[in-house]
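The values are calculated or read from the model by the stated rules, or taken from the named source; none is laboratory data. Treat the numbers as computed from the prediction; the structure is a model and nothing was measured. All Cβ positions, glycine included, derive from the backbone under ideal geometry; neighbour counts span all protein chains shown. Side chains are part of the model used for accessible areas, which takes the heavy atoms of the whole protein and leaves out ligands, DNA and RNA. Shrake-Rupley method; radii C 1.70, N 1.55, O 1.52, S 1.80 Å.
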Amino acid sequence: MIGHGARKLGGWIDRRFFREAYNREQVLARLADSVSSIVELSGLLTTVAARLADALHISGIAIFLSEQKRYRLAYALGYAESRENVSFPDKSPTVKHLQREKKPLLVYPGDPHSWPAQIDGREREELERLDSRLLLPLARREELLGFLSLGPRYSEAPYSTGDVRLLQSVAQQTALAVENSRLTSTIAAETAQREVMTRELSIAREVQQRLLPQTAPVIAGIECFGTVRPAREVGGDYYDFLELGNHVLGLAVGDVSGKG
């Protein structure tokens, strides 16, 4: 009777473990497929962190992105205390290792042969503050856009080879999405700047037109006309009628050269 119950329990555990592992793979695979279509950066980081935490039951996730020669914290999930001041210089051993290898880096605190034992005290302290267990590079070609720091899993189980393989796929797609997001932001900023310049040039054109004579002088025996057709929004040409008295009319003509 006990043996039969043990077998049933063992079968249930096996099915439960298989089902959870299968579901985890499905979640990560779908995330890898869909993440590249998310353009807005904050939404991208939030989605990636939340899906990874749910799929693998991760206690803490931190995402770092390159900014002004440092890799600064862009998003964090699962930490009771703020980690806003955690950052890594772009010349730090950890960053250089991730940039060179472009592969997930397992971290084992307390292991004399693990990565933390190979770096200096300050950088090791930063990884300890994050409680890092796995670092995932966000790399595009030769550029390291950032990296993810994954903390321990609630089950305390290590990240398996299958987990790392799927996470690497997620990281690759996330890097592509980060690159697309930054490109989209750059294009949007340039477009906004061009719109501002267009408005300013339009105002300048109107001001310039107002500086030109609005009416021609009335002089017996002479008909006066004048017009300016700039090749672009603002031109470098100018003219004016000068009524000097005693039936004398002066004409002023100007052309600004080298205006660009």
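Please work out which residue is nearest to Lys96 (Cα to Cα), limiting yourself to the range 127-153 and to residues that are in a helix (DSSP H, G or I) and open to solvent by less than 10 Å² (accessible area, probe 1.4 Å).
Of the residues in the range 127-153, the ones in a helix (DSSP H, G or I) are 127-130.
Next, only the ones that are open to solvent by less than 10 Å² (accessible area, probe 1.4 Å) stay: 127, 130.
Working: Leu127: 15, Leu130: 19 Å.
In this case the residue turns out to be Leu127.
Answer yes or no as to whether Val207 is over 30 Å from Asp237 (Cβ atoms) and either modelled with pLDDT under 85 or surrounded by 12 or more Cβ atoms within 10 Å (Cβ to Cβ) (or both). So Val207 does not fit the description; no.
Quick one: which residue in Arg229, Arg205 is out of contact with any Leu (no Cβ under 6 Å at 6 or more places or on another chain) and either at positive phi or not in a helix (DSSP H, G or I) (or both)?
Numbers: Arg205 fails: either at positive phi or not in a helix (DSSP H, G or I) (or both).
Answer to the selection: Arg229.
In this entry, Thr94 passes the filter for residues that are within 11 Å of Ser149 (Cβ to Cβ) and part of a helix (DSSP H, G or I). All conditions but one from (1) open to solvent by 50 Å² or more (accessible area, probe 1.4 Å); (2) in a helix (DSSP H, G or I) apply to Glu156; the one that does not is (2).
No other residue among Ser59, Ser34, Ser114, Ser92 is at pLDDT below 90, out of contact with any strand residue (DSSP E or B) (no Cβ under 6 Å at 6 or more places or on another chain) and either within 24 Å of Arg141 (Cα to Cα) or open to solvent by 20 Å² or more (accessible area, probe 1.4 Å) (or both) apart from Ser34. Restricting attention to the range 210-237 and to residues that are among the acidic types (Asp, Glu) and closer than 29 Å to His247 by Cβ, the residue that is surrounded by the most Cβ atoms within 10 Å (Cβ to Cβ) turns out to be Asp237.
Can you name every residue in the range 171-187 that is of a type in the set (A, V, I, L, M, F, W, C) and open to solvent by less than 60 Å² (accessible area, probe 1.4 Å)?
Initial filter on the range 171-187 (of a type in the set (A, V, I, L, M, F, W, C)): 171, 175-178, 183, 187.
Listed by number, the residues that qualify are Ala171, Ala175, Leu176, Ala177, Val178.
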